[in-house]
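What follows draws every value from the coordinates through simple rules; no lab data is involved. Since the structure is predicted, the reported quantities are computational estimates derived from the model, not experimental observations. A quick note on method: Cβ atoms are made from the backbone with ideal geometry, for glycine too, and the neighbour counts reach across all protein chains shown.
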Amino acid sequence: MGDIFSNLSLGFGVVFQFVQWTPAFLGGTSIPIPVNILLCLIGALVGTLVGVLPGIGTIATVAMLLPITFGLPPVGALIMLAGIYYGAQYGGSTTSILVNIPGEAGSVVTALDGFQMAKQGRAGPALAIAAIGSFFAGCVATVLIAILGAPLTKLALAFGPAEYFSLMVLGLIFAVVLAKGSVLKAIAMIVLGLLLSMVGSDIETGASRMAFNIPELADGLGFATLAMGLFGFAEIIRNLDAGGESDRQLVQQKVSGLMPTARDLRDSAPAVGRGTVLGSILGILPGGGAVIASFAAYTLEKKISKTPQKFGRGAIQGVAAPESANNAAAQTSFIPLLTLGIPPNAVMALMVGAMTIHGIVPGPQVMQKQPDLVWGMIASMWVGNLMLLVINLPLVGIWVRLLRVPYRLMFPSIVIFCSIGIYSVNNAPTDVIIAGVFGLVGYWLIKHDFEPAPLLLGMVLGPLMEENLRRALLISRGDWSVFLTRPLSAVLMAIAAGLLVLTVLPTLRKKRDEVFVESEN
Amino acid sequence: MNATPGQAPVKSIMPKWVRNPQDFVGGIAMMGIAVFALWASSDLQGMRGFSFGAGTAPRMFATLLLGLGAAITAVGVLTEGQHLAKYHWRGPLFVTLSIVSFALTIRSMGMIFSALTSFLIAACGSPETRWMETVIVGVCLTAFCALLFPYALGLPLQLLPTFMIR
C-alpha cells in the first residue's frame, strides 16, 4: 500500500514539475512554468482537435501527431502523447454524437444513442455524460494501474525468453479473438506484420534481410512511416471514395444546456460503474482495448436494462456505459505495455514506436530504472482526464464549428501535414514515398475487408518475438518442447490454444459476431 | 464501403466457381507476398545446428503466410461472399501524386514550395474542390506549417529552395 502512494506521489511530482523560465526581457526575474502539465494540456487539445475531424480515428490521430513530440525530452514526449491519445478518444466521441460519423470502431456504439439524443436537442447532456463517465473511469483505471504495476513488474522479471514468446503468442491470439471479421484474415494480417518487421538487418548477424540494397531499408521499415501510410493516407483515400459531404448529417440545433439533469445522472451512474469495470478488465487483456470494451458495455446495458426498447432511441445509458468502458480500457491497456513491454493493441504499438524513437525499450527494466518516466506517465493520465473534463465541455462550441469544415479542404491539409511529419522523422524523402505506398496498400486491404490494426501489432511484436524465440531455443539447445515444459510458458500456450479453439467453435463465433452486429441494426 | 451483396449481379471477371471474390483475390495476394518474401530471403543463411540463421525467421513467417493465404483462397471458393469492391481512381491517383511530388521536391525546393504544390495536387482528388478557397487555405496552411515545424517544434526543415539560400 505504501508503495502505491510513494509511486503515485513520485508520478505527480514529475507531472507538477516546475521549470524556472528566465526571459531576458524581465531582467532576471524567473517565472515557474509547469512544463509537463502544459504539454499534457496541449496534447489533449491537439488530440481532440484532430480526433474530432470526421473519419479520423484514434490510431490515425496518434500516428499523425507523433512527429510533433520528437523534439521533446522523453518524459515530456510521452506525457504529451498520452494527452493526445485521450484527446483523440474524446474527440471521436464528440464526432459520433454530433455528426453520427464515428471516427473509429470504438465510438460506433456511442453514435447509436448519442446521435439520437443530439437529434432530440440533448447533445449537451450526451457530451457531458460522456466526459463525466470517462473521467470517472479514468480515475478508477489510474488507481488500478498503480496497484497492478508493481506486482506485474515483479512477475515480468521472472519471465525467461520462452515465457515472453508464449505471452506474445497469447497476446496476438487475443487480438485475433477480439477483432471483428474473419479470424483467418486477422491472423494473416498479423503474420504479414511480422514478415514486414523482418525487413532490415538481422539483430544477431547484421545480415541485410529483404532490403534489396536500398539504403533506406537497411534499418528496417520505419514504424511511424508505416502507421501513417496505413492509417493516415489510406483513410483519406477511402474517405474520398465515399464522396465527402454527401452523408454528413450534422446536428443543426444549437448545442445548449450542457448540464445533464439530476435524472440523467441517476440513470447513468450505474451504467458508468458497470462500464468502468468491464472496460478495465477488457483493457488489461492483451489484444483487448477500447473497441471491444465499448461494444461489450453497450450490449451488457441493453441486456440488463428494464427498458431495452429505449436503446437506439436516445437512452443516456447507451452513451454513458460505452464511453466509460472505452476510456477505462484505453487506460488499463497501458498496463501490459508498461509492465511487460508488450503492446496490447495498435495504439499501444504506436506508443512503443514513440518510446523507441526516444531510445526507451518498454518493459520491466524501465519500471525499475526510470520510475519517474513510468509513474509520471501514469499520473499524467489522470491529469489528462481532468483536462478533458475541464477543456472539452466549455469548448464544445469550437468543436462543433470544426465539424463544419468541409472535407474538400480538410483532406489536402492532412496529406501535407502527414508528409511533412514523415519527412521530419529522418529527413528522408524515401520515407514519404514508402508511406504513400503503404497508403495504397492500406486502401487495398480495406477494400478486401482486411483490418490493418493487427498488422501494426505484428509489426511491433515481430523483432521481439524473433529475439525471444531465438534465445529460448538457444538456451534449450534447439528443443522446441521448451515452450510446453516450462510451467508458466505452458499455461500461457494452453490459454492461447484454448482461446483459438473457442473462437473457431460455431456457437461462440455467433456470439462474437452478435456483439459487433449490434451496431448495425 | 463494400459493394452490397444484394445488388444486381455486377459484371464479374471472376469465374462462376469463385463464390467469394473478395476473399479469393485477397488470399491469392497474400500468397503472392509470401512467395515473394520466400524468394527475397532465399539468399540468407538458415539454421546452423540449433541456432537460428538470419533467414530462418523470415522464411518461417513467409511459409505461415503462404498457408494462411491458401486457406483464405479456399474460403473464397467454398463460401458465399461479397463481390469485389469498386475502386475509384481519382482520390488514390491525386493523393499519391501529391505525396510523390512532395518527396521529390522537398530536398531541392524547400518546404514552402513543396507543401503548397502538393496541397494543390491533392486538392484535385475531389470533384468538389473550389479553387479560390483551396488556394487561400493552402497558403494559410503552408504558412502555419512553416512556423510550426521549424520554429515551434525545432525540427530541422529547410523552408526555401536551395538556389535562393545560396
Chain B, helix-only ellipticity at 222 nm - DSSP H runs n ≥ 4, -39,500 (n - 2.57), divided by all residues, nearest 500 | -20500 deg cm²/dmol
What nm value, rounded to one decimal, do you get for the distance between A:VAL183 and A:PHE16 when each label is placed 7 Å out toward the C-beta?
-> 5.1
Counting other C-beta atoms within 10 Å, which of A:CYS418, A:CYS40, B:CYS140 has the fewest, and how do the rest follow?
-> B:CYS140, A:CYS418, A:CYS40
Normalise the Cα radius of gyration of chain B by 2.2 N^0.38 Å (N = residues in it) and let me know the number.
-> 1.57
So what is the 222 nm mean residue ellipticity for chain A from helices alone, if each DSSP H run of at least 4 adds -39500 (n - 2.57) and you divide by all residues, rounding to the nearest 500 deg cm²/dmol?
-> -22500 deg cm²/dmol
Dipole magnitude of segment A:362-519, debye to nearest 20 (Cβ charges: Lys/Arg +1, Asp/Glu -1, about Cα centre) | 140
Report the dimensions of segment A:300-459 along its three principal axes from the alpha-carbon atoms, largest first, rounded to Å.
-> 57, 48, 36
Would you kindly give the portion of the calculated P(r) for segment B:90-165 that falls above 15 Å, as a percent of all Cα pairs?
-> 57
Principal axis dimensions, segment A:113-175 - Cα atoms, whole angstrom, descending = 57, 26, 8
Given a Förster distance of 35 Å, the FRET efficiency implied by the Cβ-Cβ spacing of A:LEU488 and A:ARG266, rounded to the nearest 0.05, works out to 0.15
Translational D (Stokes-Einstein, µm²/s) of the protein assembly as shown at 37 °C and 0.692 mPa s when Rh comes from the Kirkwood sum over C-alpha pairs?
-> 127
If you put +1 on each Lys and Arg Cβ and -1 on each Asp and Glu Cβ, how big is the dipole of chain A around its Cα centre, in Debye rounded to 20?
-> 1220
Residue order, fewest to most beta carbons within 10 Å, for A:PHE450, A:PHE70 | A:PHE70, A:PHE450
Within 10 Å, count the other beta carbons around each residue, average over each peptide in A:128-135, A:371-378, and list them highest first.
-> A:128-135, A:371-378
What does a probe at B:ILE28 reach in segment B:61-86, counting residues whose amide N is under 20 Å from the point 7 Å along Cα→Cβ?
-> B:65-86
Starting from the amide H of A:ARG209, placed 1.01 Å from N in the peptide plane, find each other amide H under 5 Å away whose residue is 5 or more places distant or on another chain.
-> A:GLY200, A:SER201, A:ASP202
Percent of all Cα-Cα pairs per 10 Å bin for segment A:311-374, counting from 0 up to the last occupied bin, reads 20, 40, 20, 14, 7, 0
Of the chymotrypsin sites (Phe, Trp or Tyr not before Pro) in segment A:161-246, which ones lie in a loop per DSSP and count no more than 16 other C-beta atoms within 10 Å?
-> A:PHE212
Among A:LEU409, A:ALA130, A:LEU474, the residue whose Cα sits farthest towards the positive end of the charge dipole of chain A (+1 at Cβ of Lys and Arg, -1 at Cβ of Asp and Glu, taken about the Cα centre) is A:ALA130
Any helix of chain B counts here only if DSSP assigns it H throughout, its Cα atoms span 15 Å or more along the axis, and its mean Kyte-Doolittle hydropathy is at least 1.6, and such helices are B:131-147
Label-reachable residues, segment A:186-224, where backbone N falls under 16 Å from a point 7 Å from B:VAL35's Cα toward its Cβ | none
Overall dimensions of segment A:170-210 by Cα: Rg and Dmax, Å = 13.5, 39
Separation of alpha-carbon centers, segment A:275-338 and segment A:140-175, rounded to whole Å | 22
What is the dipole size for chain B, taken about its Cα centre, with +1 at each Lys and Arg Cβ and -1 at each Asp and Glu Cβ, in debye to the nearest 20?
-> 200
Unsatisfied cross-links (Cα-Cα over 24 Å) in the set A:LYS447/B:LYS16; A:LYS154/A:LYS369; A:LYS119/A:LYS302; A:LYS310/A:LYS447 | A:LYS310/A:LYS447
